[in-house]
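Before any comments, here is the structure.
All of the numbers you see were taken from the coordinates with simple rules; none came from a lab. From a predicted model like this one, the values you see are computed outputs, not experimental measurements. All Cβ positions, glycine included, derive from the backbone under ideal geometry; neighbour counts span all protein chains shown.
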Amino acid sequence: MHTTFQIETRGQGSYEVTPQIAAWVKGRGDGLLTLLVRHTSCSLLIQENADPEVQTDLLAWISRAVPPATDPSMCYLTHTYEGPDDMPGHIRAALLPVTLGIPVMGGRMRLGTWQGIFLFEHRSAPHRREIAAHFRAD
Amino acid sequence: MHTTFQIETRGQGSYEVTPQIAAWVKGRGDGLLTLLVRHTSCSLLIQENADPEVQTDLLAWISRAVPPATDPSMCYLTHTYEGPDDMPGHIRAALLPVTLGIPVMGGRMRLGTWQGIFLFEHRSAPHRREIAAHFRAD
Amino acid sequence: MHTTFQIETRGQGSYEVTPQIAAWVKGRGDGLLTLLVRHTSCSLLIQENADPEVQTDLLAWISRAVPPATDPSMCYLTHTYEGPDDMPGHIRAALLPVTLGIPVMGGRMRLGTWQGIFLFEHRSAPHRREIAAHFRAD
């Protein structure tokens, strides 16, 4: 009922994890799936997974709303010793979800037609990320 | 234990859904309610439901923070062929929640006095929206 | 399986609640923890709890992104009679989470090494805040 998904990231952006999560709940009947990303500089999004431009634009928006610490608008930051993408990564991880609750029926997540689950990485360097997952059958 | 709520929206803004959800959990005793909105351009908010000006101001803020694609500040967007409110709707749906977990005691959601549940629509045209709901009794 | 945590806040900022929540789930085995903050002007964050500068910077960012109603950029707000920090508090409470779902194994939350749980207060005056908590054993 508990597992951990591991995702290797290669810089900022979206990494779809829908297939491995769908495979894990398949055959488990009805219940509730809960996901928690175990890090403070990445997020867990349910987003459009049909057109990759959506992910590109989302990254472009957040990169302007919460720019790197080297941007003059971020001159007030104090937690900067881990690099210019670190504190902005924490802010982005506060703004965007880190936990998701998803009803499951007949072994399928009740996502909409266009919804996929993404790990959204906020750091520039490659990272190994973990998503804690819990499924409870009804 | 599973159901779907349907909401007809008529443009951007907040649509309170507290009464129908409260009616569905009534009489079910103690447990956990989970809600998931099955779309990529609307959100699910727990917000102040006493003064409608709160919803007006919230829409005004998000409309400035994530303006339509026709706004010069959004010139970098690439996913624009579904209209100027489409990609901003996806961004708003990443920023604001799409899932909620709500403890229930004695058939009542443990919301605070001023809290209501709203579907927050990001598209200008009318849409039929679905909220997947799951209740698990203790 | 249900409880309520009470937190006394003394102005805007982060109040860590990890220890009391960890103590409550300790010894309960495997299951799912759900938290809901019962207010419309504070949030519930999972964030870095090693360096207090992270919390300072997060408050600095949100104070610029959603400034007080007295800021000229917020002149369009209409819900202002409860003070300049009230409507911005509602907006911040829409942006940042109010519910969290956390898998628990062996009586321990499956948080990452650097993650803590914080009540994030958006109002300037002291407030007594409540977090509704639910634990369901597997």
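Quote the Stokes-Einstein diffusion coefficient, in whole µm² s⁻¹, for the protein assembly as shown, based on the Kirkwood radius over alpha carbon pairs, a temperature of 4 °C and a viscosity of 1.567 mPa s. The estimated diffusion coefficient comes to 61 µm²/s.
In the calculated pair-distance distribution of chain C, the portion above 20 angstrom amounts to 48 percent of the Cα-Cα pairs. 3J(HN,Hα) along region B:3-11: 8, 10, 9, 10, 10, 8, 9, 10, x Hz, from the Karplus curve 6.51 cos²θ - 1.76 cosθ + 1.60 with θ = phi - 60°, whole Hz, x for Gly and Pro. Here B:S73 yields copy-to-copy label distances, from shortest upward, of 0.7, 0.7 nm, the label point defined as 7 Å from Cα along Cα to C-beta. Once backbone amide H atoms are built at 1.01 Å from N, A:V98 has A:L44 as its partners under 5 Å, excluding neighbours fewer than 5 places away on the same chain.
Placing a label point 7 Å from Cα along the Cα-to-Cβ axis, C:Y15 is separated from the same position in the other copies by 3.6, 3.6 nm, shortest listed first. With its label point defined 7 Å out from Cα along the Cα-to-Cβ axis, C:P126 lies at 5.3, 5.3 nm from the matching points of the other copies, in increasing order.
A Förster radius of 25 Å combined with the Cβ-Cβ distance from A:A23 to A:M105 puts the calculated FRET efficiency at roughly 0.95.
Summarising the rotation from chain A to chain C, the nearest chain A beta-carbon to the axis and its distance in Å are given as A:G101, 3. Highest mean first, the peptides A:56-67, A:93-104 sorted by other C-beta atoms within 10 Å per residue fall in the order A:93-104, A:56-67. Spin-label model, B:Y81/B:W114: points 7 Å from Cα along the beta carbon direction are separated by 4.6 nm. For region C:71-114, the C-alpha radius of gyration sits at 1.91 times the compact-globule guess of 2.2 N^0.38 Å, with N the residue count. Label-to-label distance, C:A60 versus A:A137, with points set 7 angstrom from Cα along the beta-carbon direction: 5.2 nm.
Helical content alone sets the calculated 222 nm signal of chain B at -7000 deg cm²/dmol, taking -39,500 (n - 2.57) per DSSP H segment of four or more residues and averaging over every residue. Remark on B:D71: its backbone amide H falls under 5 Å from none of the residues 5 or more positions apart or on other chains, H modelled at 1.01 Å from N.
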